[in-house]
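S.K.: The following block contains the structure, expressed as structure tokens.
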Number of protein chains: 2
Amino acid sequence: MQDPIALFERARAGDRRALARLLSLLEDDGEVASRLSAHLFPYTGNAYVIGITGPPGSGKSTLVNALARAYRERGETVGIVAVDPSSPFTGGALLGDRIRMQDVAGDPGVFIRSMATRGRLGGLAHATREVVRALDAVGFQRIMVETVGAGQVEVDIAQAADTVIVVQAPGLGDDIQAIKAGILEIADILVVNKADREGAAATLHILRSMLSLGQPAVVRHHGRAMTIQHVEPSRAGWSPPILQTVATTGKGIPELVEAIERHRIYLEESGEGEARRRRRIAEELAALARERLWARVVHQVGRARLDGLVEQLIRREIDLHTAVERLLKEL
Amino acid sequence: MQDPIALFERARAGDRRALARLLSLLEDDGEVASRLSAHLFPYTGNAYVIGITGPPGSGKSTLVNALARAYRERGETVGIVAVDPSSPFTGGALLGDRIRMQDVAGDPGVFIRSMATRGRLGGLAHATREVVRALDAVGFQRIMVETVGAGQVEVDIAQAADTVIVVQAPGLGDDIQAIKAGILEIADILVVNKADREGAAATLHILRSMLSLGQPAVVRHHGRAMTIQHVEPSRAGWSPPILQTVATTGKGIPELVEAIERHRIYLEESGEGEARRRRRIAEELAALARERLWARVVHQVGRARLDGLVEQLIRREIDLHTAVERLLKEL
């Protein structure tokens, strides 16, 4: 196998194939990934990370494409990470729809990486973080992380971004189902894409209702009146703006770039950016420590002892809390 | 506050309000929940747990309703846990649509519990497990856990069930998007509900293609030809059957009950059921141990030391792996 450190140096020098291989090593996890991750770390912390999420059909990829072009025009290099936690498709065709990406894909200042789960759902958020850090370390200035849906994994992934953009679009069949509270709570900027389509005003209205405070909004859903629980704005001092775009024509993109810039400045001036980075790294530290601690327990008490405890649990001779207490006493 | 153990005894004696309060205590987490959970544990392990998941609009609630009625006719008591990891709606109306549940809700042999995230997405799988165990402990014989979607949380929740049913329906707008690989991999039984509707044959075909081995299937999606990656059957010796139901009329329900029974017998005879229970309890033990270990670390090294490490990480003076190593050395 190639020396991972040498691979990193070549990637930093602009070798795209080396970069692709580097990312694969990091995705594989294990000893090499840990060593590489440790080596990369001092080089990170310079990129601005933008998370973009929304339901299928909202035009995320086209929007990411348009944003990438805008940043390229400003002379910035762009890394794109497209994550689909549930894609059963080879090559991630559904999420990425990379054909539409062609105009940016030929540009040496843009690097696109698709990530799918391949059976390790739980580790995807972690793997995405490693990939983002690697793109940061090799020098990409803007990194966009695109995810689909509104599950826990997407929330985890989005929370690794400096600015989180939640994309909606009219006519996605069921507007209300598409707007998930979990994801709205983490939105720094809301975008109604395909704003030239019928129903854009209604989508805008629902988003405004969900974001506004005061009386709960009542909207009609399939003819039934429904009460919408209000989403507390998550960031004191920042009200998520709702923008309208038509990513295919570029309409509203300059305003979106501008809104991201305003959010960046807000993060910087309010100290919220610093607080977020601190929270994020503290969480990563805790997660990694938990894993290592457990590995240590397994090593110390041995598989046989663990199996014995599981056996007692199965027979209901002890309960989970007692089992854990005994385990920790034996350390 | 009421004595939780007394509450449990009353719930076991059939007091539904006591049961509801008991579940709330368990959902709240913390010291009381731990003590209660430990107390309940010896009483668990008797219920048969069925997980039911699928996209919005697939008719899951009606199906759960129909299954509940079938089990009631056989004289079994039924607990229903409806989990919506992303519902922004008060009372969980969207998922549960409890109006349709009325005919079973009045029955003292049926208990229905709705669970929403209320901001603690990560703990939902754990909380659901606690609620299922409590229903088991107070004597419900069949427990159905209903979740929407296909995210990590749903997979976690479904994996706590003995038999996992994945429900699809024709005409959900985008058949392919609705069929997520992650969720198919955990399906023991597949159901095409609303099988009397147009498009049922196509939905059936897609599911069969995804489950079959051999050549990848090519299906048309919005006019584009797409290659479907095959999903490896997760259980050796068990091929997930694909059934058709019309839950509103009860068509196909006896066959579904029969398929669940066949799966139960398969689990028992093959030893797979035992293996699954063992795996599940081992995972719960590991998860709880990780949490306790981390709490211990925080207590031992102190918040100030952790903050110091985070500070060094922010300044890129050390990397995550080094930080964790130092932390563990100090214990």
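S.K.: Report every pair of residues separated by at least 6 positions or lying on different chains whose Cβ atoms are under 7 Å apart, first residue within region A:1-28 and on the phi < 0 side of the Ramachandran plot, second of a type in the set (A, V, I, L, M) and assigned to a loop (DSSP other than H, G, I, E, B).
M.R.: So the pair list comes out as A:Ala11/A:Val138; A:Arg12/A:Val138; A:Leu19/A:Val138.
S.K.: State which residue is farthest from the other protein chains (Cβ to nearest Cβ) when the search covers only region B:44-78 and only residues that are part of a helix (DSSP H, G or I) and closer than 21 Å to B:Glu268 by Cβ.
M.R.: The residue in question is B:Ala70.
S.K.: Sort out which residues of region B:238-282 are in contact with a Pro (Cβ under 7 Å, 6 or more places away or on another chain) and at pLDDT 95 or above, and write them in order of number.
M.R.: Once the filter is applied, which keeps residues that are in contact with a Pro (Cβ under 7 Å, 6 or more places away or on another chain) and at pLDDT 95 or above, region B:238-282 yields only B:Ala259.
S.K.: Mind checking whether some residue in region B:242-253 is surrounded by fewer than 12 Cβ atoms within 10 Å (Cβ to Cβ) and away from chain A (no Cβ under 14 Å)?
M.R.: To start, the set of residues in region B:242-253 that are surrounded by fewer than 12 Cβ atoms within 10 Å (Cβ to Cβ) comprises B:249.
Filter again for away from chain A (no Cβ under 14 Å), leaving B:249.
Within region B:242-253 (the criterion being surrounded by fewer than 12 Cβ atoms within 10 Å (Cβ to Cβ) and away from chain A (no Cβ under 14 Å)), the answer is yes, since at least one residue qualifies.
S.K.: Further question on the same structure: Looking for something farther than 26 Å from B:Leu36 by Cβ and surrounded by 14 or more Cβ atoms within 10 Å (Cβ to Cβ) - is there at least one such residue anywhere in region A:313-330?
M.R.: no
S.K.: Quickly run through region A:287-297 and pick out the residues that are buried (at least 18 other Cβ atoms within 10 Å of the Cβ) and either outside any helix (DSSP H, G or I) or not β-branched (Val, Ile, Thr) (or both).
M.R.: If the condition is that a residue be buried (at least 18 other Cβ atoms within 10 Å of the Cβ) and either outside any helix (DSSP H, G or I) or not β-branched (Val, Ile, Thr) (or both), then A:Leu288, A:Ala289, A:Arg290, A:Leu293 are the ones that fit.
S.K.: A:Leu36 is checked against (1) away from chain B (no Cβ under 14 Å); (2) in a helix (DSSP H, G or I); (3) not β-branched (Val, Ile, Thr) and fails just one. What number does that condition carry?
M.R.: (1)
S.K.: Among the residues that make up region B:28-39, is at least one of them more than 17 Å from B:Gly139 (Cα to Cα), among the basic types (Lys, Arg) and assigned by TED's automatic domain parsing to the domain that holds B:Arg133?
M.R.: no
S.K.: Starting from residues that are modelled with pLDDT of 70 or more and in a loop (DSSP other than H, G, I, E, B), keep the ones in region B:147-171 and report whichever is surrounded by the most Cβ atoms within 10 Å (Cβ to Cβ).
M.R.: In this case the residue turns out to be B:Ala169.
S.K.: Also: List pairs: first residue in region B:272-292 and at the interface with chain A (Cβ under 9 Å from one of its Cβ atoms), second residue among the charged types (D, E, K, R) anywhere in the structure, Cβ distance under 6 angstrom, at least six positions apart or on different chains.
M.R.: What qualifies is B:Arg290/A:Arg290.
S.K.: Those residues that are at pLDDT 50 or above, in a helix (DSSP H, G or I) and under 20 Å from the mean Cα position of the chain (by Cα), I need them from region B:79-103; list them, please.
M.R.: B:Met101
S.K.: Looking only at region B:5-32, which residues are more than 22 Å from B:Gln159 (Cα to Cα) and within 14 Å of chain A (Cβ to nearest Cβ)?
M.R.: The answer is B:Ile5, B:Phe8, B:Gly30, B:Glu31, B:Val32.
S.K.: Within the set of pairs 6+ apart or on separate chains, which have a first residue in region B:240-256 that is within 19 Å of B:Ile206 (Cβ to Cβ) and touching a residue at least 40 places away in the same chain (Cβ under 8 Å), a second that is assigned to a helix (DSSP H, G or I) and among the β-branched types (Val, Ile, Thr), and C-beta atoms under 7 Å apart?
M.R.: Close Cβ pairs satisfying both conditions: B:Thr245/B:Ile253.
S.K.: Name the single residue that is farthest from A:Ser61 (Cα to Cα) among those in region A:194-205 being part of a loop (DSSP other than H, G, I, E, B) and touching a Lys or Arg at 6+ places or on another chain (Cβ under 8 Å).
M.R.: Going through the qualifying residues, I end up with A:Asp196.
S.K.: While we're looking at this one, here's another question. Can you find even one residue in region B:261-270 that is away from chain A (no Cβ under 11 Å), in a helix (DSSP H, G or I) and surrounded by 18 or more Cβ atoms within 10 Å (Cβ to Cβ)?
M.R.: Yes: one or more hits.
S.K.: A further question follows. Name the residue that is farthest from B:Leu285 (Cα to Cα), counting only residues in region A:298-309 that are among the hydrophobic types (A, V, I, L, M, F, W, C) and surrounded by 13 or more Cβ atoms within 10 Å (Cβ to Cβ).
M.R.: Checked region A:298-309; the qualifying residue farthest from B:Leu285 (Cα to Cα) is A:Val301.
S.K.: Something else: Among the residues that make up region A:307-315, is at least one of them at the interface with another protein chain (Cβ under 8 Å from one of its Cβ atoms), touching a Leu at 6+ places or on another chain (Cβ under 6 Å) and without any contact (Cβ under 8 Å) to a residue 60 or more places away in the chain?
M.R.: no
The values are calculated or read from the model by the stated rules, or taken from the named source; none is laboratory data. Remember, it's a predicted structure, so these values are computed and weren't measured experimentally. So basically every Cβ, Gly included, is an ideal-geometry build from the backbone, and we count neighbours across all protein chains shown.
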